[in-house]
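Peer 1: Pasting a structure below so you can have a look.
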Amino acid sequence: MTSLALLYAILAHRPPPFVVLDEVDAALDEANSRKSLRILKELSQKVQCIVISHMSQYQTHHHVSSMNSS
């Protein structure tokens with residue numbers, strides 16, 4: 001969570017046009033995943049975020065294009 005906090009702080013200070021986050025939540029427990037999701041939701045007001053995640057929490061709280069393989 002510390003590395004994500006640093007990344008989110010940098011993004012909040014100098015927001016780029018977009019950011020791609022790939023499985024950043026994989027090592028987080030459920031409580032920290034919710035915190036990360038809340039922060040990411042706030043950041044998405046300034047930055048276009050592309051988040052790659054298998055966690056359904058991220059898919060339900062953001063505008064998501066989901067690719068399901070059968």
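The values are calculated or read from the model by the stated rules, or taken from the named source; none is laboratory data. The structure presented is a predicted model; accordingly, all values stated were derived computationally and were not measured. Note that each Cβ is placed from the backbone with ideal geometry, even for glycine, and that neighbours are counted across all protein chains shown. Heavy atoms of the whole protein, side chains included, go into the accessibility calculation; ligands, DNA and RNA do not. Shrake-Rupley method; radii C 1.70, N 1.55, O 1.52, S 1.80 Å.
Peer 1: Among residues other than His13 whose Cβ falls under 15 Å from its Cβ, what is the net charge (Lys/Arg +1, Asp/Glu -1)?
Peer 2: Numbers: positive: Arg14, Lys46; negative: Glu42.
Net local charge, His13 excluded: +1.
Peer 1: Subtracting the Cα-Cα distance from 0.36 nm times the residue separation, let me have the gained length for Asn32 to Ala12 in nm, one decimal.
Peer 2: 5.3 nm
Peer 1: Here's a follow-up. I'd like the accessible area for Glu23, computed on protein heavy atoms only with a 1.4 Å probe and all protein chains in place. Round to 10 Å², please.
Peer 2: 60 Å²
Peer 1: What is the packing order of peptides 13-20, 44-51, taking the mean over residues of other C-beta atoms within 10 Å and listing the highest first?
Peer 2: Working: 13-20: 9.9, 44-51: 13.5.
Descending packing order for the listed peptides: 44-51, 13-20.
Peer 1: Quick one: net charge of Lys35's neighbours, Cβ under 12 Å, K/R +1, D/E -1?
Peer 2: -1
Peer 1: Here's a follow-up. Report, by chain and number, residues whose modeled amide H sits under 5 Å from the one on Leu21, excluding near sequence neighbours (fewer than 5 apart, same chain).
Peer 2: Ile50, Val51, Ile52
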